[in-house]
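Reviewing the structure listed below.
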Amino acid sequence: MYRLSKLRFGFPIGLLIMLLLDGSVSHIFSSQMFNYPTVMVSHLVVLWLVTAVLYEENVTMPLGRWAIVAGTIFDLYYTGIFGVYIFIFPLLVYVTRIMVTYISPNFLSGLLIYFIDITLVEGLGFLASRVVHMTVISGSSFLVNTLGPTLAFNLALYVILYFPIRWVYNWLN
Amino acid sequence: MQKFSFNRRLVIIIVCLIVSFALMTVSVVIRNKRSTPPLIQQFGNDIVGLADRVVALPANGLSGSVSSVSELLNTYQENQQLKKQVSELAQTKVRDQTLAKENQQLKQQVKLNDSLTDYTAISAAVITRTPSSWQNQVVINMGSSAGVQKNMPVMSGSGLIGRVAEVNKTNSKVELITDNNDSANRFAVQITTKSGTTVNGVLSGYRTATGQITMNNITTKAKIHKGDKVVTSGLGGVTPKGLYVGKVAETGGDDYGLSTKLYITPATDLTDLNIVTVAVTKQ
């Protein structure tokens, strides 16, 4: 009963807050997270989208559409390069939905799915940046300096925020 | 039927890829060429910027109170050290004022209105930072309505931190000098060596391993020492003369041994930005 539940308004508001918190977290902890050459990138908005797919059992939400909206805001407001995350976020929802049909979602399998999702987001983002020459970093240093720390940071956030976010979804539903 | 749906998926993927590349190319071109982004993008960014202030205000306030508690712990030591510096600074400031006044009078005598060193400052607060490892950008809360224009230099604390990359009505994006991308504009700088010769050059990139700015293609024979101060030269238009960039940390030859390559330690900590200053030159 998506049309009648509080999720109809709660989900987009949460999505926007998570999107903006990504920037705030990056700004406040920038001396820890952007400690060059090691870079940790916060992906709270990805966490919100992926957990929505994981908790989506009897209510179906138009996640693809909201992912496009989140991607558009991300591209315009944060990066200024239009056409990267607007495609990556819906793809992410699609891939996560396929994975959920194979693995029944719980806390640990969700961790595995989130691991794959973060790798996908960072990898495709890196490829896109290389194509438009936003970066000149080689693939190997991307793996070591960006992907590794980013995975560690985001998986830790997943472990911390999994149950609070589930509580929020249950409350909204 | 199975084959049809597979083909359709393939077509969708290819179309998405092509559209994505086209959009990326167009937006990079627009970003490099035009002074402001398209009106729709500006409008969207202003709206999101407003919403972001609502989120960023409590977050930044929380971080501010935490850091003020931790700063309180070493206040005593800091106070003792700063007291010594203040007395020296007062002397320098008075001298600076006298020189500035004299300079103004001299300029009036030779009927020179504005020289390269003149600029006015716009103070702005940092709202947020781009959560991406490829783009070192911060969003500040002043836009074209406050007089900010594209390519204006931005300072924080004692030194240069970057330049305005995109201007909306009420907020703008600042590309930090740590950004290593190809399209980033470079600053024209100069070094006055100990023997008094001036060496001109252009900042060329950022060495992430040591956190130093690099400066390439210096063909002068003048001896540059470690610790020489680097300031902007004011050549090339928008940047005023005399903004402090940093100190020379290391000198060396480039890969072919033809020119000198310098490594510069930036004057400000580029990961801890809260209040920044946009320098506006009178043109």
Among the candidates B:GLN97, B:GLN81, B:GLN104, B:GLN91, residue that is open to solvent by 90 Å² or more (accessible area, probe 1.4 Å), over 19 Å from B:SER158 (Cβ atoms) and either polar (S, T, N, Q) or not in a helix (DSSP H, G or I) (or both): B:GLN104
What number of residues within the stretch B:4-35 are open to solvent by 50 Å² or more (accessible area, probe 1.4 Å), more than 10 Å from chain A (Cβ to nearest Cβ) and among the hydroxyl-bearing types (Ser, Thr, Tyr)? 1
Within the set of pairs 6 or more residues apart or between chains, which connect a residue that is at the interface with chain B (Cβ under 7 Å from one of its Cβ atoms) and assigned to a helix (DSSP H, G or I) inside the stretch A:123-149 to a residue that is among the aromatic types (Phe, Trp, Tyr) and surrounded by 18 or more Cβ atoms within 10 Å (Cβ to Cβ) with Cβ atoms less than 7 Å apart? A:SER129/B:TRP134
Selection within the stretch A:34-47 - modelled with pLDDT of 85 or more and open to solvent by less than 10 Å² (accessible area, probe 1.4 Å): A:VAL39, A:VAL41, A:SER42, A:HIS43, A:VAL45, A:VAL46, A:LEU47
Could you tell me whether any residue of the stretch A:84-103 is under 30 Å from B:GLN212 (Cα atoms), touching a residue at least 12 places away in the same chain (Cβ under 8 Å) and open to solvent by 30 Å² or more (accessible area, probe 1.4 Å)? no
Filtered residues of the stretch A:67-83 (kept if among the hydrophobic types (A, V, I, L, M, F, W, C), at the interface with chain B (Cβ under 10 Å from one of its Cβ atoms) and open to solvent by less than 30 Å² (accessible area, probe 1.4 Å)): A:PHE74, A:ILE81
Quick one: which of B:ASN136, B:ASN216, B:ASN181, B:ASN171 is surrounded by 20 or more Cβ atoms within 10 Å (Cβ to Cβ), of a type outside the set (A, V, I, L, M) and either away from chain A (no Cβ under 14 Å) or out of contact with any Gly (no Cβ under 6 Å at 6 or more places or on another chain) (or both)? B:ASN136
Taking B:LYS150, is it basic (Lys, Arg) and farther than 16 Å from B:VAL174 by Cβ? no
Please indicate, with yes or no, whether at least one residue in the stretch A:23-38 is closer than 25 Å to A:ASN173 by Cα and in contact with a Ser or Thr (Cβ under 8 Å, 6 or more places away or on another chain). no
Filtered residues of the stretch A:44-93 (kept if in contact with a Leu (Cβ under 9 Å, 6 or more places away or on another chain) and assigned to a loop (DSSP other than H, G, I, E, B)): A:GLU56, A:VAL59, A:MET61, A:ILE81, A:PHE82, A:GLY83, A:VAL84
Would you check if there is a residue in the stretch A:163-171 being under 14 Å from the mean Cα position of the chain (by Cα), part of a helix (DSSP H, G or I) and within 26 Å of A:VAL59 (Cβ to Cβ)? yes
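The values are calculated or read from the model by the stated rules, or taken from the named source; none is laboratory data. Because the structure is predicted, anything quoted here is derived from the model rather than measured. Cβ: placed from backbone, ideal geometry, glycine included. Neighbour counts: every protein chain shown. Accessible surface areas use protein heavy atoms only, side chains included; no ligands, DNA or RNA. Shrake-Rupley method; radii C 1.70, N 1.55, O 1.52, S 1.80 Å.
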